[in-house]
Amino acid sequence: GAGVSQSPRYKVAKRGQDVALRCDPISGHVSLFWYQQALGQGPEFLTYFQNEAQLDKSGLPSDRFFAERPEGSVSTLKIQRTQQEDSAVYLCASSLDGYYGYTFGSGTRLTVV
Amino acid sequence: AQSVTQLGSHVSVSEGALVLLRCNYSSSVPPYLFWYVQYPNQGLQLLLKYTTGATLVKGINGFEAEFKKSETSFHLTKPSAHMSDAAEYFCAVSVPTGANSKLTFGKGITLSVRP
């Protein structure tokens, strides 16, 4: 597609539920990033894929967070046993490489109640 | 590790006035620098970027920024503000290591434009 597509746009989860957030990057983009943006803050890095390989997961806040990109295209960010502090906008970005910049999706706003 | 400082959380200007949004960075190697704009309930849109070469970079919507290595700054300017410029602006830095060029963002600045 022409841009990075994320779904769902909004997700309300009860505390303790598992959620799965999807990212469809721009076709041909090798790099895929996930960021977490808390209210009133800048995005913070979660994890990075180069094709299907997860090369950096240093930003994942706990072992409840898991990301995958099995075929090097679509990626899923999964959060298990959601907590209130997980409430944030989750942004996905893809890139050919850093020199060309990054294209961001519109994000998924997760609210944990 | 790299970092970005955006002083102040809110800037208010009159329509037609100069816009100046400040950004200072810290990086142990020559960085790539970016400005992104975010409208409510939307993702981040790239305004402009500095990678190598000319230190004055021009972006979309009339914005420009100048990379000043001696001052470790990358301030964003626009000569004349429009109402449509009201949004959140983020400065970001990456280290061009090739494989993992993740972005480190500042906290963002909210720009308000008064009629």
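Observations on the structure shown:
- A residue that is out of contact with any helix residue (DSSP H, G or I) (no Cβ under 8 Å at 6 or more places or on another chain), crowded, with 17+ Cβ neighbours inside 10 Å and at pLDDT 95 or above occurs nowhere in the stretch B:42-56.
- Residues in the stretch A:42-69 that are assigned to a strand (DSSP E or B) and small (Gly, Ala, Ser) were compared, and the one that is farthest from the other protein chains (Cβ to nearest Cβ) is A:Ala67.
- Verdict on A:Leu39 being part of a strand (DSSP E or B) and either more than 11 Å from chain B (Cβ to nearest Cβ) or over 15 Å from the mean Cα position of the chain (by Cα) (or both): no
- Yes/no for B:Pro40 being out of contact with any Asp or Glu (no Cβ under 7 Å at 6 or more places or on another chain), over 29 Å from A:Val89 (Cα atoms), not small (Gly, Ala, Ser) and not in a strand (DSSP E or B): no
- So A:Ser27, is it under 23 Å from B:Tyr50 (Cβ atoms), polar (S, T, N, Q) and touching a residue at least 24 places away in the same chain (Cβ under 8 Å): no
- Checked across the stretch B:88-111, the condition of being more than 9 Å from chain A (Cβ to nearest Cβ), assigned to a strand (DSSP E or B) and modelled with pLDDT under 95 holds for at least one residue.
- Some residue of the stretch A:12-24 being modelled with pLDDT under 95 and more than 20 Å from A:Thr111 (Cα to Cα): no
The values are calculated or read from the model by the stated rules, or taken from the named source; none is laboratory data. Owing to the predicted nature of the structure, the values given are computational and were not obtained by experimental measurement. For neighbour counting, all protein chains shown are included, and Cβ atoms are generated from backbone atoms with ideal geometry for every residue, glycine included.
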